[in-house]
Amino acid sequence: MSEAEVKRAAEEAENERPSLNWQSSWNVAVSALVILLSLAGIGVAGYLTYAYWFEESVACAGLSSCDAVAQSSYSHIGPIPIGLLGLLGYVALLSVAVFWLRVGDRWGDWPLLAIWGMALGGVAYSAYLTYLEIFVIEAACIWCVSSAVIMVGILLVSTAGILTMSGQEEEEE
């Protein structure tokens, strides 16, 4: 085998091997943060769902009026507790983030865009619920606020991922 053939074979092997460039590392960091935040959201929403279904008093440690919020007519849509909607949303975010972490860039940018879209919807709904807490129910629930903060965190992390993705595309052109 000549030196040129060896060099060409090495280049081909390098092209076939997935490289961990800064963009891939950033995607791993973004998906890992979304996973961690989603797990925290699952904990919060899961607790609120449990408290609703088992008619337990929501533990607030004297920080807010969780029971007033949890017992209001806005704590459910028909038989479905709002906490369950949050739980399902966080499970969906977790699922997409884990999928994205496993497949990497092979599926393009849609997992990040899906996370961003779900988080945007979650923040909008959380803002509506926070409005209801403050101006209609006139009580605040630290668990609800925690869930809203977690969702804002997911939106910020995914927005940073999208902005970085956009910057990378401009550099490639």
- Given the conditions (1) of a type in the set (Ser, Thr, Tyr); (2) modelled with pLDDT of 95 or more; (3) surrounded by fewer than 20 Cβ atoms within 10 Å (Cβ to Cβ), every one holds for Ser147 apart from (3)
- So which of Ser64, Ser2, Ser19 ends up being within 21 Å of Leu129 (Cβ to Cβ), among the polar types (S, T, N, Q) and at pLDDT below 90? Ser64
- Would you call Leu129 surrounded by 15 or more Cβ atoms within 10 Å (Cβ to Cβ) and among the aliphatic types (A, V, I, L, M)? yes
- Message: Can you find a residue that is within 26 Å of Gly62 (Cβ to Cβ) and surrounded by fewer than 19 Cβ atoms within 10 Å (Cβ to Cβ) anywhere in the range 103-124?
- Response: no
- Just wondering, is there one or more residues in the range 110-131 that are touching a helix residue (DSSP H, G or I) at 6+ places or on another chain (Cβ under 8 Å) and among the polar types (S, T, N, Q)? yes
- Qualifying positions in the range 76-102 - surrounded by 20 or more Cβ atoms within 10 Å (Cβ to Cβ) and modelled with pLDDT under 95: Trp100
- Note on the structure: Turns out the helices (runs of 4 or more DSSP H) fully within the range 61-173 with at least 3 residues that are of a type outside the set (Asp, Glu) and farther than 16 Å from Ala51 by Cβ are 82-103, 110-131, 142-172
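The values are calculated or read from the model by the stated rules, or taken from the named source; none is laboratory data. Since we're looking at a predicted model, the values are computed, not measured. For neighbour counting, all protein chains shown are included, and Cβ atoms are generated from backbone atoms with ideal geometry for every residue, glycine included.
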